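Novice: Just dropping this structure here.
The values are calculated or read from the model by the stated rules, or taken from the named source; none is laboratory data. Predicted, not measured: the structure shown is a model, and the values here were computed from it. Cβ atoms come from the backbone with ideal geometry, glycine included; neighbour counts cover every protein chain shown. Quick note on the areas: whole protein, heavy atoms, side chains included, nothing else; ligands and nucleic acids left out. Shrake-Rupley method; radii C 1.70, N 1.55, O 1.52, S 1.80 Å.
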Amino acid sequence: MPRERYALSFTSGGLLVREADVIVSEYLRMRDWAAVRQVVVERNLLQARTNSSSVRVTRETIQRLGALDDAELEILADASFTERCHLMWAAACRRYDLIGDFAEEVLRERFLLMTPTVDAKDFDRFMAGKSLWHPELDELKPSTREKLRQTIFRMLHEAGLRTEAGAIIPALISERVQGVLAAREPSDIRFFPTTLTMEATR
């Protein structure tokens with residue numbers, strides 16, 4: 001039977017690390033996402049060129065940040081750039097099952113099998129396999145499918161997990177980020193190209 005449809009509305013921006021940095025500061029001050037959204041848009045804190053762009057990117061960033069709990073948001077606010085990238089990659093994987101499935105079933109699997117690259121053909125094979133369970137993927141225009149791939153690969157590059165040429169970069173995850181990722185059930189270590197086991201930091 002077909003599974004729940006994939007959410008595919010993640011093509012606004014890339015990993016959104018800069019935007020998250022701005023928005024998390026506001027959230028930790030107000031602890032109210034609706035109020036944060038209003039302040040960020042009204043004051044154009046993301047320095048968007050248009051109001052519609054500000055609304056769209058603010059909404060997308062808040063949706064991803066909403067996949068993190070308050071302890072993770074506290075870390076994000078005090079994190080190094082690499083830590084922020086890793087947390088935002090985890091947030092994207094949680095928010096969008098398609099990204100999470102690709103990270104676990106293609107990126108991490110190829111890394112563990114010592115296959116050094118992930119490219120467009122790997123993405124196409126992944127999408128073809130998932131379409132058996134997600135018929136909505138067969139409804140996508142080629143241009144939309146290409147945009148999804150470009151966005152995922154852009155996120156991977158910005159997260160420091162893949163070069164532009166397609167080489168997989170092992171994730172060097174800090175101890176505190178490992179801790180919050182492994183505390184999830186199942187462990188969110190599964191989203192990263194790393195030799196850490198799922199139980200390694202529990």
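Novice: Among 142, 93, 127, whose Cα lies farthest out toward the positive end of the dipole of the chain, if unit charges sit on the beta carbon of Lys, Arg (+1) and Asp, Glu (-1)?
Specialist: Sorting the options by dipole projection puts first 142.
Novice: Next up: Per DSSP H run of at least 4 residues, take -39500 (n - 2.57); add these up for the chain, divide by its residues and hand me the 222 nm value, nearest 500 deg cm²/dmol. Please list the in-between numbers first.
Specialist: Values: 10 runs with 108 residues, N = 202.
Mean residue ellipticity, 222 nm, calculated: -16000 deg cm²/dmol.
Novice: Given a Förster distance of 41 angstrom, what is the FRET efficiency for residue 49 paired with residue 4, based on the Cβ-Cβ distance and rounded to 0.05? Before the final figure, lay out each step's value.
Specialist: On the way: r = 35 Å, r/R0 = 0.86.
With a Förster radius of 41 Å, E is 0.70.
Novice: Give me the percent of the accessible area of the chain that comes from carbon and sulfur atoms, probe 1.4 Å, all protein chains in place. Provide the component values of the computation, followed by the final result.
Specialist: Working: 5190 of 10240 Å².
Carbon-and-sulfur percentage of accessible area, whole number: 51.
Novice: Considering only protein heavy atoms, what per residue accessible area in square angstrom results for the chain with a 1.4 angstrom probe?
Specialist: I get 51 Å² per residue for the chain.
Novice: Quick one: accessible surface of residue 9, probe radius 1.4 Å, all protein chains present, in square angstrom to the nearest 10.
Specialist: The accessible area of residue 9 comes to roughly 70 Å².
Novice: Report the charge-dipole magnitude of the chain in Debye, nearest 20, computed about the Cα centre from +1 at each Lys and Arg Cβ and -1 at each Asp and Glu Cβ. Write down the numbers at each step before the final one.
Specialist: Numbers: 29 positive and 31 negative charges, 103 e Å.
Value, rounded to 20: 500 debye.
Novice: Here is a further query. To the nearest 20 Debye, how big is the dipole of the range 103-202 about its Cα centre, given +1 on the beta carbon of each Lys and Arg and -1 on that of each Asp and Glu? Don't skip to the answer; put the middle values down first.
Specialist: Values: 15 positive and 16 negative charges, 26 e Å.
In debye, rounded to 20, the range 103-202 gives about 120.
Novice: In debye to the nearest 20, how big a dipole does the range 139-197 give about its Cα centre with +1 on each Lys and Arg Cβ and -1 on each Asp and Glu Cβ? Don't skip to the answer; put the middle values down first.
Specialist: Details: 9 positive and 7 negative charges, 39 e Å.
Approximately 180 debye in magnitude.
Novice: Just going by the charge dipole of the chain, with Lys and Arg at +1 and Asp and Glu at -1 on Cβ, which of 167, 80, 114 is farthest out on the positive end?
Specialist: Most positive-ward Cα: 167.
Novice: Taking 0.36 nm per residue of sequence separation and subtracting the Cα-Cα distance, how much length would be gained by fully extending the chain between residue 113 and residue 138, in nm to one decimal?
Specialist: Extra length from residue 113 to residue 138 when fully extended: 6.1 nm.
Novice: Let me ask something else about it. If a/c stays under 1.5 just call it rounded; otherwise compare a/b with b/c (prolate if a/b is bigger, oblate if not). Do that for the range 134-202, with a ≥ b ≥ c from the square roots of the Cα gyration tensor eigenvalues. List each step's numbers first, then the result.
Specialist: Numbers: a/c = 3.36, a/b = 1.72, b/c = 1.95.
Here the range 134-202 falls in the oblate category.
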